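The values are calculated or read from the model by the stated rules, or taken from the named source; none is laboratory data. Computed from a predicted model, the values in this text were never measured in an experiment. Don't worry about glycine lacking a Cβ; one is built from the backbone with ideal geometry, like all the others, and counts go over all protein chains shown.
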Ligand code: SAM
């Protein structure tokens, strides 16, 4: 039948659309990145559906199992731990397999952390580049060097234990004055935006051990 790509909250459990809730209530099976994590959301909205896990370590056999359910007439909803499935999480493999099997893929739009951060960043939004997570080793230096000339706003995800190291690299390569907005713990109780230059962000974040989830929005070259 159909594979529904259902966006779920990135923190605040009220950030879910009526259509997403109705879809989760109506499908036969929910494929979730972490079934235990998703139970918090599903319980809040009284959704009792069979769940199967689908995460980055799920092998071909798991993909085939879910595709079989679809081919046998089941409707399946795919959800990730947060936000929109397929945005820096493992949904792509399943979506591709579904399309190869002529299964209808229906997106149910909702939150994504990178758009949430971008819209409130105060940096130009007319054109932007989304980089997901920066490569840890191979290609990292080349990518960071390429940002020197990048005129569009650049958005990427970063972990709390790497954020300061990355900001220091940005300072070295792009200069201390490059504009930046960092969204932390978006939509949650401790939501915070740090807006200013790369140097100012380092000074603010360097005061204590960075905690939580981060989106980095970097101004393009020449943005004042
Ligand atoms: N699919 C998700 C989306 O639509 O945004 C992204 C999944 S990716 C595995 C997780 C990363 O997204 C986190 O490490 C963090 O960088 C970012 N992220 C997710 N939720 C966030 C939040 N509430 N505040 C800030 N960043 C968040």
- request: Tell me, please, whether a residue that is touching a strand residue (DSSP E or B) at 6+ places or on another chain (Cβ under 9 Å) and without any contact (Cβ under 8 Å) to a residue 12 or more places away in the chain can be found in the stretch 130-151.
  value: no
message: Tell me whether the stretch 183-194 contains one or more residues that are surrounded by fewer than 17 Cβ atoms within 10 Å (Cβ to Cβ) and away from the ligand (no atom under 12 Å from the Cβ).
response: no
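Conditions tested, residue by residue: (1) at pLDDT 95 or above; (2) over 19 Å from residue 124 (Cα atoms).
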site: 162; (1), (2): yes, yes
site: 167; (1), (2): yes, yes
site: 177; (1), (2): yes, no
site: 183; (1), (2): yes, no
site: 196; (1), (2): yes, no
site: 201; (1), (2): yes, no
site: 204; (1), (2): yes, yes
site: 209; (1), (2): no, yes
query: For the stretch 57-174, list the strands (runs of 3 or more DSSP E) that sit wholly inside it and hold at least 2 residues that are closer than 24 Å to residue 210 by Cβ and within 15 Å of the chain's Cα centre (by Cα); which are they?
result: 128-133, 153-158
- request: Name the one entry in 5, 47 that is touching a residue at least 12 places away in the same chain (Cβ under 8 Å) and more than 13 Å from the ligand (Cβ to nearest atom).
  value: 47
